[in-house]
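Okay, structure first, notes after.
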Amino acid sequence: EAVLDHYFYHSNVAPFLCIRLIQRFGISNPSPRYIGTCAKSFHDGLFTSGGHSYGSGAYGDLSAVIASIALDREARNPVLDSDPASGSLREPILKVIGLMRALGFEHDDRIGTTQLYGMNEKIGQMAYSFDSVFSFF
């Protein structure tokens, strides 16, 4: 129990969790200010925005953290939507697979394995044929 408490209250926990959660919610490279706001809400257990308070005030309250991520000005700024460096980076092959899912692609068992011919030339990446251990990036 003491070890878990030590890890939970360590000063690196809040920024680490905030970076991972922000990235999962759609911003690959959050600013230090955004991470700091999120980490502060983790420590304080409260986040206030627009006259509303979120969280219980207890250290590590995830409702305050999620509110700080979703309601932060960096997450809601329409100017950043037009910035090509802002947002979530995805590998090209994952974009293609996501598009196929969104369009309702269904595999036909009569055809066999679905092939994506020429994707390496078209998008610069093909599944299972990465140039390095670092995948596309």
In the stretch 78-110, which residues are in a loop (DSSP other than H, G, I, E, B) and either modelled with pLDDT of 80 or more or among the hydroxyl-bearing types (S, T, Y) (or both)?
-> S82, S86, S88, L103, G104, F105, E106, H107, D108, D109, R110
Check F8 against each of (1) touching a residue at least 12 places away in the same chain (Cβ under 8 Å); (2) closer than 15 Å to D72 by Cα; (3) exposed (fewer than 13 other Cβ atoms within 10 Å of the Cβ) and name the one condition it does not meet.
-> (2)
Taking the condition in contact with a helix residue (DSSP H, G or I) (Cβ under 6 Å, 6 or more places away or on another chain), surrounded by 12 or more Cβ atoms within 10 Å (Cβ to Cβ) and at pLDDT 90 or above, does Y34 pass?
-> yes
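Among the residues of the stretch 30-37, is there at least one that is within 30 Å of A127 (Cα to Cα) and in contact (Cβ under 8 Å) with a residue 60 or more places away in the chain?
Step one: list which residues in the stretch 30-37 are within 30 Å of A127 (Cα to Cα), which gives 30.
Checking which are in contact (Cβ under 8 Å) with a residue 60 or more places away in the chain leaves us with none.
There is no residue in the stretch 30-37 that is within 30 Å of A127 (Cα to Cα) and in contact (Cβ under 8 Å) with a residue 60 or more places away in the chain.
Scan the stretch 18-50 for residues that are touching a strand residue (DSSP E or B) at 6+ places or on another chain (Cβ under 9 Å), part of a helix (DSSP H, G or I) and farther than 20 Å from L80 by Cα and jot them down. Can you show your working first?
Kept after step one, since they are touching a strand residue (DSSP E or B) at 6+ places or on another chain (Cβ under 9 Å), are these residues of the stretch 18-50: 37-38, 40-41, 46-48.
Next cut, part of a helix (DSSP H, G or I) only: 37-38, 40-41.
The answer is K40, S41.
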Sort through A75, A67, A58 and tell me the only one that's under 30 Å from H10 (Cα atoms), without any contact (Cβ under 8 Å) to a residue 24 or more places away in the chain and open to solvent by less than 60 Å² (accessible area, probe 1.4 Å).
-> A58
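The values are calculated or read from the model by the stated rules, or taken from the named source; none is laboratory data. As the structure is a prediction and not an experimental result, all values here were calculated from the model. Because the Cβ atoms are built from the backbone with ideal geometry, glycine has one as well, and the counts that use them run over all protein chains shown. The area values use the complete protein model at the heavy-atom level, side chains included, leaving out ligands, DNA and RNA. Shrake-Rupley method; radii C 1.70, N 1.55, O 1.52, S 1.80 Å.
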